[in-house]
1. I need every pair where a residue in the stretch B:74-85 that is within 17 Å of B:ALA221 (Cα to Cα) has its Cβ under 9 Å from the Cβ of a residue that is among the hydrophobic types (A, V, I, L, M, F, W, C) and surrounded by fewer than 17 Cβ atoms within 10 Å (Cβ to Cβ), sequence separation at least 6 or different chains.
2. Can you confirm whether the stretch B:243-260 contains a residue that is touching a helix residue (DSSP H, G or I) at 6+ places or on another chain (Cβ under 6 Å) and aromatic (Phe, Trp, Tyr)?
3. Tell me, please, whether a residue that is farther than 30 Å from B:LEU425 by Cα, in contact with a strand residue (DSSP E or B) (Cβ under 6 Å, 6 or more places away or on another chain), crowded, with 19+ Cβ neighbours inside 10 Å and away from chain B (no Cβ under 14 Å) can be found in the stretch A:353-362.
4. Would you pick out the residues in the stretch A:360-389 that are under 18 Å from A:LEU202 (Cα atoms) and β-branched (Val, Ile, Thr)?
5. Quickly run through the stretch B:365-404 and pick out the residues that are in a loop (DSSP other than H, G, I, E, B), touching an Asp or Glu at 6+ places or on another chain (Cβ under 8 Å) and within 30 Å of B:PRO222 (Cα to Cα).
6. For the subset of the stretch B:311-343 comprising residues that are more than 18 Å from the chain's Cα centre (by Cα) and within 14 Å of chain A (Cβ to nearest Cβ), which member is farthest from B:VAL384 (Cα to Cα)?
7. Please determine whether any residue of the stretch A:129-148 is more than 13 Å from chain B (Cβ to nearest Cβ), free of Cβ contacts under 8 Å to residues at least 12 places away in the same chain and out of contact with any Gly (no Cβ under 9 Å at 6 or more places or on another chain).
8. Condition test on B:THR126, is it within 14 Å of chain A (Cβ to nearest Cβ), buried (at least 22 other Cβ atoms within 10 Å of the Cβ) and polar (S, T, N, Q)?
There are 2 protein chains.
Amino acid sequence: MIDQTHDPKRQSWVDSANGHSDFPIQNLPLGVFSVGGEARRIGTAIGDYIVDLKALSGLLPAEVAPALSQPVLNDLFALPVADRRALRQRLSDLLSDARHRAEVEPHLYPAADCRMHLPARIGDYTDFYVGIHHAMAVGKLFRPDNPLLPNYKHVPIGYHGRASSIRESGVPVVRPNGQTKAPDADAPSFGPSQRLDYELELGVFIAGGNALGQPIDIKNAPDHIAGLCLLNDWSARDLQAWEYQPLGPFLAKNFHSTISPWVITAEALAPFRNAQPSRPDGDPEPLPYLNDADDQASGAVTIALEVQILTEAMRAQNLPPQTLSRSSTLAAMYWTIAQLITHHSVGGCNLMAGDLLGTGTLSGPEKAQAGSLLELSDGGKSPVTLANGETRRFLADGDEVILTARAEAEGFVSIGFGQCRAHILPAI
Amino acid sequence: MIDQTHDPKRQSWVDSANGHSDFPIQNLPLGVFSVGGEARRIGTAIGDYIVDLKALSGLLPAEVAPALSQPVLNDLFALPVADRRALRQRLSDLLSDARHRAEVEPHLYPAADCRMHLPARIGDYTDFYVGIHHAMAVGKLFRPDNPLLPNYKHVPIGYHGRASSIRESGVPVVRPNGQTKAPDADAPSFGPSQRLDYELELGVFIAGGNALGQPIDIKNAPDHIAGLCLLNDWSARDLQAWEYQPLGPFLAKNFHSTISPWVITAEALAPFRNAQPSRPDGDPEPLPYLNDADDQASGAVTIALEVQILTEAMRAQNLPPQTLSRSSTLAAMYWTIAQLITHHSVGGCNLMAGDLLGTGTLSGPEKAQAGSLLELSDGGKSPVTLANGETRRFLADGDEVILTARAEAEGFVSIGFGQCRAHILPAI
């Protein structure tokens, strides 16, 4: 539903929101922040500022006030869509109409003075595999003759990930130790991963969930999307190759995952929804439970994605981060978010408010759109050369990876996701 | 550490605890119960009664009192081992010494009048695969030439499961719908699973956890075990066969898992620990991080396990449950619980108090020790005939599966786990 909150002419009395900011008045993402040693509070980002929504709750719809007093977004996510829309509309009015400036401004904090936290208590985390070009590229490395398995175009492939080790942007990642086995070795050895990689993904926060045994019909699935964030699903490729048969990735993925702290709401993303790209000729139709005309018509969201790297040497040389790849959801996603939600619940599994789904690595069809070093370096065979002459097959200690995203559509103000960044510490 | 709480001569003034009860004074398991519509409270089982530990907390060590006022065991699990031991010792004294009867008895409830709940808020659930005979039997069905993959004897194989759909014993299981594909079909179809199965497992509740990036040394791993329960990891074999490549089981397992409600504490199980069975000649030594002389000497716990079935027809005929198989941890487990904990954390993954680990299906080497119908029926090829003439390849609607377990050792009073049971409702 596109309404006046998306009006491209609407501006904020917070000046920094009106240029090319990630957080114009059309965005109004939700997050959890703290100032100094104070308690965590729910806020929204506007330009270079964060608005304290707990302090502001007297001016906000009464239905949302109790949820806004929590230190995580779970209760807010669990509210009916209409309540979350009412919050957005009221915030848009308060931050655009200068008559409200005097009562709102005391509750603004410079974002630079704030610390961001995990937006929700993540009960369960599921990682999907919707990037068909990533699945194809990785499949080629493991199974040259049979890169895409027969189930891929029928089943939105996913697996359960580890919720406890998800951290907000900025928390350093310790290189994991683990078992690896060289193809020609008799036995595995133990030590730091030598093939540490990032994965460019989007995260999806679940709004209201479903009861155990009660699947979510695809017609209702969009109401279960609270919003999106960036997700870096750090992966130890050498650990994965040795451990993943027959039950899937485990230690190769569970040592750390990083998300951007702002939840870009489903409401803010409404103008960027468009028709799902039609499947290539000859591809099977989804089974009826995954098929819905509305989802076909507006289930795809167009988001431009970018991966940058900043190495220790680049920092020493005062170089800026260097772009490794640019991709987009439209080029990458074989399944829509609604299809992921419906598939996840179709056997009866209950989703809960605040659960996180990962899309899987969002690589486009071209090499320059690859969402991981595994793909950029052809499985480590062809190192990537950086502008300063350094090369990378996989990540080195001190490397910082920075993911960004931006939703753009003709006739609308584009909105950003902020950053998802973290650097690698040596193994202990 | 074996102390007076394990003294086989110790008896309780609660008479029903002194016969062949699952819950003699040597057990003292921890759980969460409620009476009528009242709030959930922490309790211990003694014979046919439950003791309200919140109400009793004035008589218990001061360090544990705040944790006992919670509606879940997480805070209690997170306390130092010494505090949990002190609680056990005090409870053992209070329930054995008749001088305390007058002050304790008002806080006893007949177990038959109570409802049991999930013992902890389970943050993350991980399922392992330590049953080597199960891995071999299942491997033979999928890969006749190569049943046990090369990593099995080096890596304690595990995968992340779904925490939100774990329920306590007694909650019915709805048969899941999902995609399946017959080997000769061109495309998958959608409908109720036709190969619904149980899996006989033990669950391990984590006590204190570890910080992200800080592995748990195997010498310290036993202190991170709060206790054990029974776990039925319901599995839809036909969904699993179609979906599990390349990322592992997903909808085939996440529709429901059932646990027994009483946590049999690590302290209660101390007398039943013994040397890990030596690996067959030619099997590799575990890598050093998984190797510890103490763990070798006392890391295995001997627990007898049993699976029973009660079908709708048997209920109509007033027949008792029929035993399908009997197994034991000692025959089944290739890895110790300490090895699972250390392996899980070795790359830096943080475990949290209240997390649940599943052992994997605990089948012994003989057919009569198989922990699933998949094994008992040779993958559905040879139906099992029940005493009343019914046959089962997989579970039918109305079937109830009952898991029980008992720890036994010469010179000690054996202790039981209570029941883990649930019946199958038709697909919706």
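1. B:ARG85/B:MET1
2. Checked against the condition, which is being touching a helix residue (DSSP H, G or I) at 6+ places or on another chain (Cβ under 6 Å) and aromatic (Phe, Trp, Tyr), the stretch B:243-260 yields at least one hit.
3. Here is the first cut: in the stretch A:353-362, the ones farther than 30 Å from B:LEU425 by Cα are A:358-362.
Checking the rest, the ones that are also in contact with a strand residue (DSSP E or B) (Cβ under 6 Å, 6 or more places away or on another chain) come to A:358-362.
With the extra rule that they be crowded, with 19+ Cβ neighbours inside 10 Å, the set shrinks to A:358-362.
Going one step further and asking which of them are away from chain B (no Cβ under 14 Å), we end up with A:362.
Yes, the stretch A:353-362 contains at least one residue that is farther than 30 Å from B:LEU425 by Cα, in contact with a strand residue (DSSP E or B) (Cβ under 6 Å, 6 or more places away or on another chain), crowded, with 19+ Cβ neighbours inside 10 Å and away from chain B (no Cβ under 14 Å).
4. Once the filter is applied, which keeps residues that are under 18 Å from A:LEU202 (Cα atoms) and β-branched (Val, Ile, Thr), the stretch A:360-389 yields only A:THR361.
5. B:GLY371, B:SER372
6. B:THR342
7. yes
8. Values: within 14 Å of chain A (Cβ to nearest Cβ): yes; buried (at least 22 other Cβ atoms within 10 Å of the Cβ): yes; polar (S, T, N, Q): yes.
Yes: the conditions hold for B:THR126.
The values are calculated or read from the model by the stated rules, or taken from the named source; none is laboratory data. What you see is a predicted model; the values in this text were computed from it and never measured. Methodologically, a virtual Cβ is constructed for each residue, glycine included, from the backbone with ideal geometry; neighbour enumeration extends over all protein chains shown.
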